[in-house]
């Protein structure tokens, strides 16, 4: 499924809470909640040696994407453009590949300039 189709399909199950601020809060709280559920899976693996449940992990990632895609739709943000800008920013940060040195010494001005256009 492509991103535009996913956004269309996910919007079908997204309630309208009456105004944008409330809808935004619903989406960002949902991103946080679902991220916490994903983290909990790994915490249980680390602390209690519980096997990772990859079906559940995929479900939680899907739930996170549902909230992100609806947040973008509600705010008329172009999800594909956001993804493109993220890759362009990472190309500035890590021109060849990830290094710890580049992670610690970033050119934030160049990154911001790329994100603004």
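The values are calculated or read from the model by the stated rules, or taken from the named source; none is laboratory data. Given the structure is predicted, the values throughout are model-derived calculations rather than measurements. Please note: Cβ atoms are built from the backbone with ideal geometry, for glycine as well, and neighbour counts cover all protein chains shown.
Residue 64 meets each of the listed conditions (1) within 20 Å of residue 4 (Cβ to Cβ); (2) over 20 Å from the mean Cα position of the chain (by Cα) apart from (2). Scanning region 53-96 for residues that are outside any helix (DSSP H, G or I) and on the phi < 0 side of the Ramachandran plot turns up 53, 75, 77, 78, 94, 95, 96. Among the listed residues 68, 61, 74, 87, identify the single one that is exposed (fewer than 14 other Cβ atoms within 10 Å of the Cβ), closer than 25 Å to residue 117 by Cα and at pLDDT 95 or above. Exactly one residue qualifies, and that residue is 87. The single condition among (1) surrounded by 11 or more Cβ atoms within 10 Å (Cβ to Cβ); (2) in a helix (DSSP H, G or I); (3) more than 15 Å from the chain's Cα centre (by Cα) that residue 31 does not meet is (3).
Here is a check on your reading of the model: is residue 45 free of Cβ contacts under 8 Å to residues at least 24 places away in the same chain, closer than 30 Å to residue 16 by Cβ and part of a helix (DSSP H, G or I)? Against the criterion (free of Cβ contacts under 8 Å to residues at least 24 places away in the same chain, closer than 30 Å to residue 16 by Cβ and part of a helix (DSSP H, G or I)), residue 45 does not qualify.
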